[in-house]
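The values are calculated or read from the model by the stated rules, or taken from the named source; none is laboratory data. Please read these numbers as outputs of a predicted model, since none were measured by experiment. Positions of Cβ are backbone-derived with ideal geometry, glycine not excepted, and every protein chain shown enters the neighbour counts. To get the accessible areas, we keep the full protein, side chains included, count just its heavy atoms, and leave off ligands, DNA and RNA. Shrake-Rupley method; radii C 1.70, N 1.55, O 1.52, S 1.80 Å.
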Amino acid sequence: MSKEELKIGFIGNPNCGKTTLFNAYTGANLKVANWPGVTVEKKEGAMKYHNHVFKLVDLPGLYSLTSYTMEETVSRNFIMSDDVDVIIDVADASALERNLYLTLQLIELGKPVVLALNMMDIVEKRGLEIDMHRLPEMLGIPVIPVSARKKKGLDILMHAASHHMEQSSPDRIIHQHGENTSKSRHKHDHHKEYTMVYSDEIEDKIDMITEVLEKKYPEIKNFRWHAIKLMEMDPEIMEKYPVDLPHVIMRSYEKDIIKQKYDFIEEIIEEVVVNKKKQENRTEKADRILTGRYTGIPIFFGIMALVFFLTFTVGEWLKGYFEIGLDWFSGFFENLLVSMNTNEILVSLIIDGIISGVGGILTFLPNIFILFLALAFLEDSGYMARVAYVMDGIMGKLGLSGKAFIPMILGFGCTVPAIMASRALEDKRDRMRVIMITPFMSCSARLPVYVLFSQIFFGDKAMLAAYSMYILGILVAIASALVMKLFQKKKSVNPLLIELPDYKSPSAYTIAIYVWEKIKDYITKAGTTIFLASIVMWALLNFGPSGLTENMGESFGAIVGKALVPVFKPVGLGYWQIIVALISGIAAKEVVVSSCSVLFGVGNVTSDVGMESMLSILTGMGFGAVNAYSLMVFCLLYIPCAATIGTIKRETGSVKKTLGAIAFQLLVAWTASLIIYNIGRLL
C-alpha cells in the first residue's frame, strides 16, 4: 500500500465516543458489511486528507485484546493483521485510568498507534487538567486531544496518523522510574526501548522466550508481544507458536502482567492528571435514583412509557399530514391513469395494490421517526448501559446476565441488530436462549399494526392498548427464559461486567446519523420488500384457479386462508382475510397493515375515513375489540420477519435451530392469544 492510501483502525473501550468520532469523519457515507467468515458487523468509510486517501474501519468496542467474545476476537485479529497501517486508539479522557489498559496493549503490538483523547470537555468541567506534554513522553506515542461531538482536533488527529504510520517502535520515552531503573540487571535498557516495562523476573523470561521465537519462528513480526502472550498462556498463540520452555513458563503470568500494567497506569495518572479530586459528579448523583434498587425498574418502564407517549401523540399529529398527502397523490394518480384509458386491472394493481400498500406504510414514518429519535437520545446520553445494570437482578434469576437484556432493548428498534448483539455473551447456550426470546420484543415494524387496530377499536384507550404490547413482549420474553432455564441441565455463571459511562449531552450529529440510517432502512424496505409484497398480495387476491376474479373469496389467498380458519378460530382470528394478512407479515410486519387495506378494499386505511370503513366491515363480520387485541398479541409474538429468520440462521449456523425457533414462537403466540381471547370474552 502506498503512502497516499492508508487504512486506519478505530478502536477503544465501549462508550468512549469512538463511533461518534468515526461518524464525524465519514458522515453517513458508510459501508456496512460482515467480516469475512464471521457474522460480526464492520463499518468502513473513506476520506481524503491532502494527498492521502484514508480508509477508516470502526472496530467493535472492547476493554482488552484478550479475546473472549466473537467481537473481541475480530478486533484483535484485524489489529494484528497487515490490513491496518495505523491504529487510532480512542480513549475517554474523563476515565483515563480505565482506558489506558487497552492503550498499553496496543503499543505492545508494535503497530503505529495514535491516542485520541476524547471528551476533554468533561475533564474540564470536573476541574481537572491533563498534562499533554508529559503523557506522550511516558507512552512514547502521539496524544491528540479531540472532541468528537464538537468536531474539534479532527485535522490534527489525521495529521498525526499520516505522519506516524512508519513509527512501529515508540518515540523517545522518558519514564523517570528513579531507583527502579538503576537496579535493573538487564543487558540493555528496557526503559528506553519499551513503553511498558515489567519486573526483572518477567523481563528475563520475555528475553528467554524471545530468543527461542527468533530461532524457531523467524517470520514473526513482533517477538516481544508473542513472548508476553505465551507467558499469559493465550490459547491462540500457544497453538500457533508452541515453545518447549517448562523451566521458563511454569504457570500463567497473566495476573502478574495485568497487575504491573495497572501499577504503571497509576504512575501515569499520578504524573499527568493535575488537580485530581475525588468529588461526586452529576453521574453518581443521577445514578442513585436512575439505578437505585427500588427506583431503577419503575423509572425504566416510566421512560419507555414516555417514549411511547411521544411516539403515539406527536407521531399521530404528523401522520395526519402524511395521510392528506397520500389521499391527494392516490386521487391524482388514479385520475391520470383513467384519463389515459389505462386497463382496469393495471389501475387496480397500481392504486389498490402498490400505492395503497406502500403509501399506507409510509404514513407511519412520523411514528417510526419519533421512536428512533427517542432511542438514539437514550443510547447517546449513556442511559441504555444502565438498563442492563438495572435488570441484572431479574435476568440473574433467569440464569442470564444483565448483559442479555441489551439485545432485548435493541429489539424495540429492530430485531435483526438485536439478535446480532447476542454475540456479546460468552456462553453459547446463553446466546441461543437470547436469540430465542429477543423476537418477542416489540420492534418498530409492529408499531403500525398496534396503531391501526388500537385506534379503530379502543378510542381514548388506544395508546394504553398499544403500550401494553411492549410490556407484554418483555414479560413473555422473561417467562420464556425462565422456562428454558428449567430445562437447562448445566447452569451458567454469568457475572455482569459492564461499564456505566458518564451521562452526557447527546450529540445532535450522532443522533441525526443514527436516525437517518434507521429511517433510510424503513423507506428502503417500503420501496423493496413491501412494494413486492403488495404486488404479490394483490395478485393472490385477484386471481384464483379459474384465472382473474372479481370475488376475493374465490382467490388463491382466500383458499389458503380458509384452510387455516380452524387453527385460528380458537384464538379469535378465524377470518381468512386476517389469516392472509398475518401470513403476508412474514415478509415484513408492516405488510399486515397494507394487506388489510387490500383485503378489505379500504383505499387509505390509516385515515379517519379509512378506519371508520374498516371498523364497519370488521364489526359486520363479528370481529370486535377482543379479537383486535388478540390479533395485536399474535402479531407481537408470532414468526419474525424474513430478515430476522435469515439472521437467526446466520447466527446459529443451523437450519434445525432456526426452524425450532420459528415453531417455538408460533406456539407461544397461539397460546398467549388463546388465553387472552378467552379471558377477554369472559370479561
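Just to verify a number: FRET efficiency for M132 and K520, C-beta to C-beta distance, R0 = 30 Å, to 0.05?
Working: r = 39 Å, r/R0 = 1.31.
Using R0 = 30 Å, I get an efficiency of 0.15.
With a 1.4 Å probe and all protein chains left in place, how much of the accessible area of segment 70-121 comes from carbon and sulfur atoms, in whole percent?
The value for segment 70-121 is 46 percent carbon and sulfur by accessible area.
In nm², what is the average projected area of the convex hull enclosing the Cα atoms of segment 296-682?
Working: hull surface 80.6 nm².
That works out to 20.2 nm².
Using a ≥ b ≥ c from the Cα gyration tensor of segment 536-644 (square roots of the eigenvalues), is it rounded, prolate or oblate, where a/c under 1.5 gives rounded and otherwise the larger of a/b and b/c decides, a/b for prolate? Verdict is rounded for segment 536-644. The average projected area of segment 50-165, computed from the convex hull of its Cα atoms over all directions, is 7.7 nm². Between S252 and E239, the modelled labels are 1.5 nm apart [label points 7 Å from Cα along Cα→Cβ]. The phi-based Karplus calculation (6.51 cos²θ - 1.76 cosθ + 1.60; θ = phi - 60°) puts the 3J(HN,Hα) values of segment 242-249 at x, 10, 9, 9, x, 7, 9, 9 Hz, whole numbers, x for Gly and Pro. Between G544 and T549, F556, the built amide H atoms are under 5 Å apart, and every one of these is 5 or more places off in sequence or on another chain. Using a probe radius of 1.4 angstrom, the carbon and sulfur fraction of the accessible surface of segment 361-461 is 66%.
Starting from the amide H of K42, placed 1.01 Å from N in the peptide plane, find each other amide H under 5 Å away whose residue is 5 or more places distant or on another chain. Answer set, sorted by chain and number: A33, N34, W35.
A simple packing score, the average count of other Cβ atoms within 10 Å per residue, orders the peptides 670-676, 653-659, 76-82, 335-341 as 670-676, 76-82, 653-659, 335-341, with the highest score first. Our coupling estimate for segment 660-670, obtained by passing each phi through the Karplus curve with A = 6.51, B = -1.76, C = 1.60 and θ = phi - 60°, is x, 5, 4, 4, 4, 5, 5, 5, 5, 4, 5 Hz, Gly and Pro reported as x.
Protection proxy ranking, highest mean first, for peptides 456-469, 106-119: 106-119, 456-469, where packing is the per-residue count of other beta-carbon atoms within 10 Å, averaged.
Its Cα gyration tensor gives segment 583-683 an equivalent ellipsoid; the semi-axes, largest first and in whole Å, are 30, 19, 8. For segment 189-274, compute Rh as the Kirkwood radius over C-alpha pairs and then the Stokes-Einstein diffusion coefficient at 37 °C and 0.692 mPa s; write the answer in µm²/s, rounded to an integer. For the chosen part, D equals 237 µm²/s.
Working from label points 7 Å from Cα in the Cα-to-Cβ sense, the Y509 to E612 distance is 5.0 nm. Computing FRET efficiency as 1/(1 + (r/R0)^6) for F556 and F309, where r is the C-beta to C-beta distance and R0 is 35 Å, gives about 0.25. Rounded to 0.05, the FRET efficiency of the K152 and S546 pair, given R0 = 56 Å and the Cβ-Cβ distance, is 0.20. All other residues whose Cβ lies under 13 angstrom from that of L373 are scored, Lys and Arg at +1 and Asp and Glu at -1, for a net of -2. For the cross-link pairs K240/K428; K111/K229; K18/K151; K428/K589; K285/K504, the ones whose C-alpha atoms lie over 20 Å apart are K240/K428; K428/K589. The length gained by stretching the chain between L475 and T671 to full extension, at 0.36 nm per residue less their Cα-Cα distance, is 69.1 nm. Taking label points 7 Å from Cα along the Cα-to-Cβ direction, D121 and N335 give a separation of 5.1 nm. The HN-Hα couplings worked out from phi for segment 579-585 by the Karplus form 6.51 cos²θ - 1.76 cosθ + 1.60 (θ = phi - 60°) are 5, 5, 4, 5, 4, 5, x Hz, whole numbers, x standing for Gly and Pro.
Can you give me the % of accessible surface on segment 189-274 that is carbon or sulfur? Probe 1.4 Å, all protein chains present, nothing else counted. Carbon-and-sulfur percentage of accessible area, whole number: 55. Amide hydrogen proximity for V53: with H placed 1.01 Å from N in the peptide plane, the residues at 5 or more positions away or on another chain lying under 5 Å are E5, L6.
Think of a 1.4 Å ball rolled over the protein heavy atoms: segment 296-682 then has 41 Å² of accessible area per residue.
Run the numbers for V655 and Y49: contour at 0.36 nm per residue of separation, minus the present Cα-Cα distance, in nm. The partial results should precede the final answer.
Details: separation 606, 0.36 × 606 = 218.16 nm, distance 4.67 nm.
Full extension from V655 to Y49 adds 213.5 nm.
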